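The values are calculated or read from the model by the stated rules, or taken from the named source; none is laboratory data. All values reported here derive from a predicted model rather than from experimental measurement. Cβ placement follows ideal geometry from the backbone for every residue including glycine, while neighbour counts extend to all protein chains displayed.
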Amino acid sequence: HAKADGRRHERFFTVEMDEKMQARHALEADLRAAVQNEEFELHYQPLYDLAQHRICGFEALIRWNHPVRGRVSPMEFIPLAEEVGLVVDIGRWVLRQACNDAAQWPEDIKIAVNVSAIQFSSSDLPKDVGEALAGAELSPSRLELEITESVLMENRDEALPILHALKERGIRISMDDFGTGYSSLSYLSSFPFDKIKIDKSFVNDIVANKEAHAIMRAIILLGDALGMRVTVEGVETAEQMALLEREACGEIQGYYISPPKPFGDVALMLCMPPKKNDSVAPFAKLRR
Ligand code: C2E
Ligand code: MG
Ligand code: MG
Ligand code: MG
């Protein structure tokens, strides 16, 4: 059987695939060096509280400034880093840097950090998180960890006690990219997330399309019913924000508020005037 597979493999192993593999190996080598050479940087995107009309936190998003290629997207290098095990080192760096940065912000501003499934299975996540918080003298209540459902899917029995340990220390857990996976709904009942982040793919049509609007409304109500905070990702227009405000959505994130920006811009973002919205009809405000 193995032999047959091998032969089939050979037959389809084209020049194009060979080139792709080599490009991947080169990227992997560069990624290893990047950890040493400090080529990573964190950018911060505001989380905007729709009831209070103010920034209530920031999500840390990693950036890789490659010496030759320039900026490489995390969508490209995080999956690779996961495959080759580098995501544990990178993740530790992200936790430390994000906590240190957040320690310089006002007390009521939270920091959200993305955590990969690999960090659950092949590292002591509570230890790494604890060290990052202690090193920065940051209160655990200011830290939110964003996980996708793949964390629970790939090693549910291992991941659950870890998540509980983190929660016991006062750290909040958010389910990221809600709605994009296979079993988001069943995971909601098996783990008490503090927050769900509705994936940006659900926002695109909410203003123009009745069905998309209805689905968004239903997910917000679902989060409310489960006592979870709801964040909608990928909000790009005033109209989308106004609709979400009418639906009493707790929090939004997206280019309309601000794209992710370097640490140096955080103070400026915190001084931004509130994004109040004239397109919100007065009756809608009364309904809330
Ligand atoms: P995510 O955690 O779902 O982060 C949100 C992504 O949406 C970010 O992409 C952000 O720049 C983008 N975004 C924000 N607002 C808008 C908008 O209004 N419109 C659109 N079209 N996009 C918007 P980014 O920074 O490229 O990151 C992509 C993904 O890479 C993240 O998705 C996350 O899964 C992963 N990632 C980023 N940083 C880290 C990290 O430090 N550790 C780990 N493990 N993963 C990370
Ligand atoms: Mg995220
Ligand atoms: Mg997301
Ligand atoms: Mg994502």
For region 172-181, does any single residue satisfy the condition of being more than 16 Å from ligand 2 (Cβ to nearest atom) and either at pLDDT below 95 or over 21 Å from residue 232 (Cβ atoms) (or both)? no
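Within region 177-184, does at least one residue satisfy the condition of being among the hydroxyl-bearing types (Ser, Thr, Tyr), part of a helix (DSSP H, G or I) and within 14 Å of ligand 3 (Cβ to nearest atom)? Give the steps one after another, and end with the answer.
Step one: of region 177-184, the residues among the hydroxyl-bearing types (Ser, Thr, Tyr) are 180, 182-184.
Next cut, part of a helix (DSSP H, G or I) only: 184.
If we keep only those that are within 14 Å of ligand 3 (Cβ to nearest atom) as well, we get 184.
Within region 177-184 (the criterion being among the hydroxyl-bearing types (Ser, Thr, Tyr), part of a helix (DSSP H, G or I) and within 14 Å of ligand 3 (Cβ to nearest atom)), the answer is yes, since at least one residue qualifies.
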Give region 147-169 a look and list any residue that's polar (S, T, N, Q), within 15 Å of ligand 1 (Cβ to nearest atom) and out of contact with any strand residue (DSSP E or B) (no Cβ under 7 Å at 6 or more places or on another chain), or say none. 150
Which residue is farthest from ligand 1 (Cβ to nearest atom), if the candidates are limited to region 106-129 and must be crowded, with 16+ Cβ neighbours inside 10 Å and more than 15 Å from residue 88 (Cα to Cα)? 109
How many residues does region 111-155 contain that are free of Cβ contacts under 8 Å to residues at least 12 places away in the same chain and of a type outside the set (Gly, Ala, Ser)? 2
Residues satisfying the stated conditions in region 32-87, i.e. part of a helix (DSSP H, G or I) and within 13 Å of the chain's Cα centre (by Cα): 74, 75, 78
Name every residue in region 190-215 that is buried (at least 17 other Cβ atoms within 10 Å of the Cβ) and touching a strand residue (DSSP E or B) at 6+ places or on another chain (Cβ under 7 Å), in order of residue number. 193, 195, 196, 197, 198, 199, 203
Tell me, which residue of region 161-176 that is outside any strand (DSSP E or B) and under 20 Å from residue 229 (Cα atoms) is farthest from ligand 4 (Cβ to nearest atom)? 168
I need every pair where a residue in region 81-93 that is touching a residue at least 12 places away in the same chain (Cβ under 8 Å) has its Cβ under 7 Å from the Cβ of a residue that is of a type outside the set (Val, Ile, Thr) and within 16 Å of ligand 4 (Cβ to nearest atom), sequence separation at least 6 or different chains. 82/116; 87/81; 87/116; 87/119; 88/119; 90/81; 91/116; 91/119
In this structure, does residue 127 turn out to be under 14 Å from residue 172 (Cβ atoms) and of a type in the set (D, E, K, R)? no
Hey, among the residues in region 255-273 that are assigned to a helix (DSSP H, G or I) and in contact with a strand residue (DSSP E or B) (Cβ under 9 Å, 6 or more places away or on another chain), which one's farthest from residue 239 (Cα to Cα)? 263
Working only within region 223-237, note down all residues that are over 20 Å from the mean Cα position of the chain (by Cα) and either of a type in the set (S, T, N, Q) or surrounded by 16 or more Cβ atoms within 10 Å (Cβ to Cβ) (or both). 237
Pairs under 6 Å by beta carbon, first residue closer than 22 Å to residue 59 by Cα and more than 16 Å from ligand 4 (Cβ to nearest atom) in region 221-245, partner part of a strand (DSSP E or B) and charged (D, E, K, R), six or more apart or different chains? 228/195; 229/195
